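Report on one structure; see the data block that follows.
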Amino acid sequence: MKLRNKLSAVLQAMLIACALQMRFSPVLNREDYKSVIHYLYAQVTGLLGEYTFSGLLIFVMALIFVLRMRQMDCQKQYLGRLLPFFFSFCLLVGQSYALAGNWSLCFGGGFRVIGFLLAFAGYGILFRFLIALFLGVYQRAVNSDWRPERLERFLGKNCFRNVFLLLMLLWMPVLLLSYPGNLCYDCLGQIEQGLGLAPYSAHHPLLHTLIVSAFIKVGRLVTGGNDAGLFVYVLLQASALAAALAATMARLAKRQVSLAVRLAVACVYVFAPMYSNMASTAVKDVPFLAAVIWYMLLLEELVTEGMEDRRPLFWLRLILVQVLVGLLRNNGIYMVVLTGIAVACKSIFSRGKAVEKIGVDKVRIGKRLALLLCLAVLPFLAYRAGNELLVRGLSAERGSVAEMLSIPFQQTARYLQFYRQELSQEEKAAIEGVLANVDVVAASYDPDISDPVKALYQRDSGPGRLAQYFKVWFTCFLKHPSVYAEAFLAHVYGWFDPGVTNAVRYEAASDLFRQGGLFPGADKILIFLYRFAEFIPLLALLENVGMYTWLLFILAGVALRGRKRAGILLVPLFVSLLICMASPCFYLHPRYAYPILFTLPFLYGIIGGHETREAGQ
């Protein structure tokens, strides 16, 4: 190895070791030190860290890692320089927000910026190598011809039955210990609505409210209590989720995806704590997830096999599942419509040059318009009709537009904390016409969750008031854009930072149902097990939202680099990520990202497998 390459490897190892040992500390004040020399010494030592034997070991290990990676073939698997440094930025800024609530630990002064740049470079180099290593292993698994007979039989012809029974068998102890079911506060509120203890509200999906309350009402008629009905509902929702996951395994087998990849996907389903956790929790997200997975399966079939010779029953099933995705979660219809538009547009523009050469092909244009109709227009119209029927039939309170305005409301509240004295009376009036008194809005700001500010939204605010508000919102952005940037990052960094712990088990209590699980203390056993899983690195990663976001970007890079048509299947996941960013919070609410977490393993198998045909063919 040339001297230049050796020096480069040493420098890279030093930067990686610096990044791994970087520890953010409070901002130092000059006034706390006797002299400038003492202050500078504290800054430099805080930046470089003290000598430790463990630090030397980290450097040596980093050097060995760099030298080894340079010799391996997987170095050819790089996806470019942008992605690893984007990950580096997310990790470091996430640490700053987690510790200080702002980006001051990264950008709060010259020494902070220097420290950030060193760690930024070190993590960027490390992630570039790790992405290459991951892709090298992934490609080997995709191309593997490893086929043990017993595993092939289990994950082969009867894959659906085998995986379904395996998942239900593994989940059953948790389902029984949680008897009659683990409760989320959202679902508990829906049950109260269905039992007549509270008025109906479209804040939560009314279809799910009717379904879960119907089981409890039937259980009351049979047993005289609420527990049996809730338990039967939990069993059925778990069965629906297990069936959807088993269907993904069957589809991977049908696509002749390598056994190594299929086994890896099955291991995620089996070992990730979030699967049994959610299966045993009465919450709208479980039937919604089952519907999303079936939607992805039908969409994959359409993208992979094309739309030729499709029977009306296929389109009917597809439209029905898309409508269910919308009716089982209020924001699900956005995923469906935006994905449908993307798939139809890709089909239209993929043949643009051919159309120019041979003239307008009316048949093909008609098919693509039909594709847009079935993937976006009809599902949206059917959803709107179904939702309106439920709202009017149940005399339910309609949802608030404030649910979509978490980010601008948070930015306004943070701005008011620092600069409300700069606002004119007219600007204050415009804000107060949508929210509350500006002093109240400022005091209600919580960077971790937007609900306190959204609760101040005045439901009688019409389009005119909102237009005035956004005019002031934009004016404030031009005056102090950094405040808006900080408010935005504080609201969304948890979706991109694997350093954030966001696994959760809901444990809502209610006098309507039995407390404590199957026997006194059963719920405490489950809480301990799920909390303990968060301290086991591999299990923690299997349900870490930030890690799955990174994996989503990596898979998108693979699809783009390989020009894989199946990459269009990632559109619903990116839409879901945008929905997460607009949601009230990420802290202890990773279920908002479950459409990504529960479908990404399957898509790694599909996109890494055989090439697909165009959906419009």
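Please give the contour-minus-distance gain from residue 439 to residue 532: 0.36 nm per residue of separation, less the Cα-Cα distance, rounded to one decimal in nm. Don't jump to the answer; show the numbers that get you there.
Values: separation 93, 0.36 × 93 = 33.48 nm, distance 4.23 nm.
Difference between extended and current length: 29.3 nm.
For segment 396-531, the square roots of the Cα gyration tensor eigenvalues, ordered a ≥ b ≥ c, give a/c of at least 1.5 with a/b greater than b/c, which places it in the prolate category. Expressed in Å, the radius of gyration and Dmax of the Cα atoms of segment 474-538 are 20.1, 60. With both labels modelled 7 Å from their Cα along Cα-to-Cβ, the residue 14 to residue 31 distance reads 3.8 nm. Round to a whole angstrom and tell me the spacing of the C-alpha centers of segment 224-264 and segment 386-406. Segment 224-264 and segment 386-406 have Cα centres separated by 30 Å.
Hey, what did segment 38-165 get for relative contact order, percent, Cα under 8 Å, at least 6 apart? All intermediate terms of the calculation are to be shown ahead of the outcome.
Details: 75 pairs, mean separation 36.7, N = 128.
It comes to 29 percent, rounded to a whole number.
Here the relative contact order of segment 228-318, from alpha carbon pairs under 8 Å that lie six or more residues apart, stands at 40 percent. For residue 14, the accessible surface of its heavy atoms amounts to roughly 100 Å² (probe 1.4 Å, protein chains only, rounded to the nearest 10).
Within the accessible area of the chain, the carbon and sulfur atoms contribute 65%, probe 1.4 Å, all protein chains present. Only helices enter the 222 nm calculation for the chain: every DSSP H run of n ≥ 4 contributes -39,500 (n - 2.57), and dividing by all residues gives -21500 deg cm²/dmol, rounded to 500. Simple point charges give the picture: +1 on the Cβ of Lys and Arg, -1 on the Cβ of Asp and Glu, and for the chain a dipole about the Cα centre of about 2360 debye.
Considering only protein heavy atoms, with the full assembly of protein chains and a 1.4 angstrom probe, order 38, 208 by accessible area, largest first. Mind showing how you got there, number by number?
Details: 38 100, 208 0 Å².
Greatest to least solvent exposure: 38, 208.
At R0 = 56 Å, how high is the FRET efficiency between residue 425 and residue 222 if r is their beta carbon distance? Nearest 0.05 is fine. Each step should come with its number before you reach the end.
Details: r = 63 Å, r/R0 = 1.13.
In this case the efficiency is close to 0.30.
Computed with every protein chain present, the accessible area of residue 486 is close to 30 Å² [probe 1.4 Å]. What segment 137-218 shows is 52 Å² of accessible area per residue, with the surface traced by a 1.4 Å probe over protein heavy atoms. Pairs exceeding 22 Å between alpha-carbon atoms, taken from 217/454; 428/454; 454/479: 217/454; 454/479.
Average the reciprocal distances over every distinct pair of alpha-carbons in segment 300-340, invert the result, and give the Kirkwood radius in Å. Don't skip to the end; give the middle numbers.
On the way: mean 1/r = 0.0904 Å⁻¹.
Averaging 1/r across every pair of different Cα atoms and inverting gives 11.1 Å.
Compute the Cα gyration tensor for segment 104-214, then decide on rounded, prolate or oblate, letting a ≥ b ≥ c be the square roots of its eigenvalues: rounded whenever a/c is under 1.5, prolate when a/b is larger than b/c in the other cases, and oblate in all that remain. Because a/c hits 1.5 or more and a/b fails to exceed b/c, segment 104-214 counts as oblate.
Using alpha-carbon pairs under 8 Å, 6+ residues apart, how would you state the relative contact order of segment 470-556 in percent? Before the final figure, lay out the partial values.
Details: 43 pairs, mean separation 34.1, N = 87.
Rounded, it is 39 percent for segment 470-556.
For segment 93-166, the fraction of alpha-carbon pairs lying more than 22 Å apart is 58 percent, rounded to a whole number. Is the C-alpha gyration tensor of the chain telling us rounded, prolate or oblate? Criteria: a/c under 1.5 is rounded; beyond that, a/b larger than b/c is prolate, otherwise oblate. Since a/c stays below 1.5, the shape of the chain is classed as rounded.
Report, in order of residue number, the helices in the chain meeting two criteria: a C-alpha extent of 30 Å or more along the helix axis, and a mean Kyte-Doolittle hydropathy of at least 0.5; treat each whole DSSP H run as one helix.
Values: long enough: 110-142 (47 Å, 1.55); 227-254 (40 Å, 1.26).
TM-like helix candidates: 110-142, 227-254.
Computed with a 1.4 Å probe over protein heavy atoms only, the accessible surface of segment 486-585 comes to 42 Å² per residue.
The values are calculated or read from the model by the stated rules, or taken from the named source; none is laboratory data. Just so we're clear, the structure is a prediction, and the values are computed from it rather than from any experiment. All Cβ positions, glycine included, derive from the backbone under ideal geometry; neighbour counts span all protein chains shown. To get the accessible areas, we keep the full protein, side chains included, count just its heavy atoms, and leave off ligands, DNA and RNA. Shrake-Rupley method; radii C 1.70, N 1.55, O 1.52, S 1.80 Å.
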